[in-house]
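We did not get these values from a lab; they are worked out from the coordinates using the rules stated. Computed from a predicted model, the values in this text were never measured in an experiment. Virtual Cβ from ideal backbone geometry, glycine too; neighbours counted across all protein chains shown.
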Amino acid sequence: MAPPELRYDGQTVVVTGAGGGLGREYAIFFGARGANVVVNDLGGSFKGEGKGSQAADKVVDEIRSKGGKAVANYDSVTDGENIIKTAIDNFGRIDVLINNAGILRDISFKNMKQQDWDLIMAVHVKGAYKCARAAWPYFRKQKYGRLISTASAAGLFGSFGQTNYSAAKLALVGFTETLAKEGFKYNILCNVIAPIAASRMTETVMPPDVLENLKPEWIVPLVAVLTHKSSTETGAIYECGGGHMAKLRWERAKGALLRTDDSLTPGAIALKWNEVNNFKEAEHPQGPGNAMELLETAAQLP
Ligand code: NAD
């Protein structure tokens, strides 16, 4: 049986950083599947220098030339309200927000300048916040919304020379997990992707034969599934690249349980260190409530 063709007719999709790389692929896909697309891009370098309208305009032209509907927006994501306003002014609604815009300021922690830290935090964290904040009232009112945040393996696992970027990317996980909880009863589904794909961001750090197998268009179908009206998935993290996609989750070792009295000493923990770190009978906690249950069990120890 042929797989179904997911469509987005009549919906408005905002893609930030859609002038190139992954964002461009999302925008072109949604434009070809019936959506109205806001193609946002500041048009600067991958280090966040400069700006221009060309990148976004080119993608808009491409969508329109294939019969799709798209408008450009050249604001920085840190002015997210203007980006969402572009959607409302042109199409009267917003259904999907893909927080994708991003830059790099890679440098060892020892040599990092305040500006390298601040700019990365501004574009990734404040930018995602500002766009989501502006879209949220519309999502709530219409009891429908789909939001994607773009994290990175650097944030999930750490990555040499990327303290700023890693911190920002993991911040987006906490941000999105919480939005998923707050949005659930309004049918606002929020998920995180950690992609790996060939783009101007990765072309300087990966060899051409590897990049050949990491086409950015191969990330699009997963995002399409997560943002479709048929999706029920929320608060999830997916790694995706080169045709592979997989959900990630937290794992908690079974751990040690110590009596909460004078016997809870550093030495007592040292004796149970293997238990603290033993993943043989691991659990997969879903939220803070889970840890509270453990604490209650601890309180009942003889
Ligand atoms: P890219 O540089 O090709 O695309 C990023 C786009 O964002 C650019 O077009 C850029 O002009 C735009 N942008 C930058 N700052 C902006 C701002 N302030 N406001 C609006 N637009 C802005 O890189 P990409 O690889 O396509 O990256 C897309 C997203 O995926 C980023 O968030 C990146 O951190 C993330 N990511 C990419 C990879 C990868 O392997 N390519 C891996 C992990 C995460």
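When all alpha carbon pairs of the stretch 151-193 are counted in 5 Å bins from zero, the resulting P(r) reads 6, 26, 24, 16, 13, 9, 5, 2 %.
Net charge around residue 280, counting only other residues with Cβ within less than 14 Å of its Cβ (Lys, Arg = +1; Asp, Glu = -1)?
Combined, the nearby Lys, Arg, Asp and Glu give -2.
One compactness figure for the stretch 1-59 is 1.29, namely its Cα radius of gyration divided by 2.2 N^0.38 Å. Dipole of the stretch 16-146 computed with +1 at Lys/Arg Cβ and -1 at Asp/Glu Cβ about the Cα centre; of 131, 112, 94, farthest Cα towards the positive end is 94. The value of relative contact order for the stretch 8-142, using C-alpha pairs under 8 Å at least six residues apart, is 27 percent. Largest GNM mean-square fluctuation among 113, 280, 229, using the chain with Cα springs under 10 Å: 280. With the convex hull drawn around the C-alpha atoms of the stretch 87-149, the volume per residue stands at 87 Å³. Only Cα pairs under 8 Å and 6+ residues apart enter the sum, and on that basis the relative contact order of the chain stands at 14 percent.
Take every Cα-Cα pair in the stretch 175-302 and report what % of them are more than 22 Å apart.
The proportion of pairs with Cα distances above 22 Å equals 58 percent.
Each Lys or Arg adds one and each Asp or Glu subtracts one; over the other residues with Cβ under 9 Å from the Cβ of residue 139, this totals +3. The angle separating the long axis of helix 127-142 from the principal Cα axis of greatest extent in the chain is about 80 degrees. Beyond 14 Å, the tail of the calculated P(r) for the stretch 213-283 holds 72 percent of the Cα pairs. The three principal axes of the C-alpha atoms in the stretch 4-151 carry coordinate ranges of 50, 33, 31 Å, sorted with the longest axis first.
The angle separating the long axis of helix 80-91 from the principal Cα axis of greatest extent in the chain is about 50 degrees.
The local environment of residue 35, defined by Cβ-Cβ distances under 12 Å, has a net charge of +4 under the rule Lys, Arg +1 and Asp, Glu -1. Rg over Rh for the stretch 81-235 works out to 0.99, both radii taken from alpha-carbon positions and Rh defined as the Kirkwood radius.
Most simply put, the chain has about 20% antiparallel DSSP beta bridges, counting only bridges with both residues inside it. Straight-line reach from residue 229: which lysines fall under 19 Å, measuring Cα to Cα and dropping same-chain residues less than 8 apart? Reachable lysines: 141, 143, 181, 185.
Taken over the chain, the ratio of Cα radius of gyration to 2.2 N^0.38 Å equals 1.11. Spatially, the stretch 1-73 and the stretch 207-266 are offset by 25 Å when compared through their Cα centroids. Where only DSSP H runs of four or more residues are counted, the chain gives -11500 deg cm²/dmol as its mean residue ellipticity at 222 nm, each run worth -39500 (n - 2.57).
When the alpha carbon coordinates of the stretch 184-232 are projected onto the principal axes, the ranges are 45, 15, 12 Å, largest first. Once the Cα atoms are used to define both axes, helix 54-65 deviates from the longest principal axis of the chain by about 70 degrees.
Here the chain is scanned for GluC sites (Glu not before Pro) in DSSP loops (not H, G, I, E, B) that have at most 11 other Cβ atoms within 10 Å, and the longest stretch holding none of them is 50-250.
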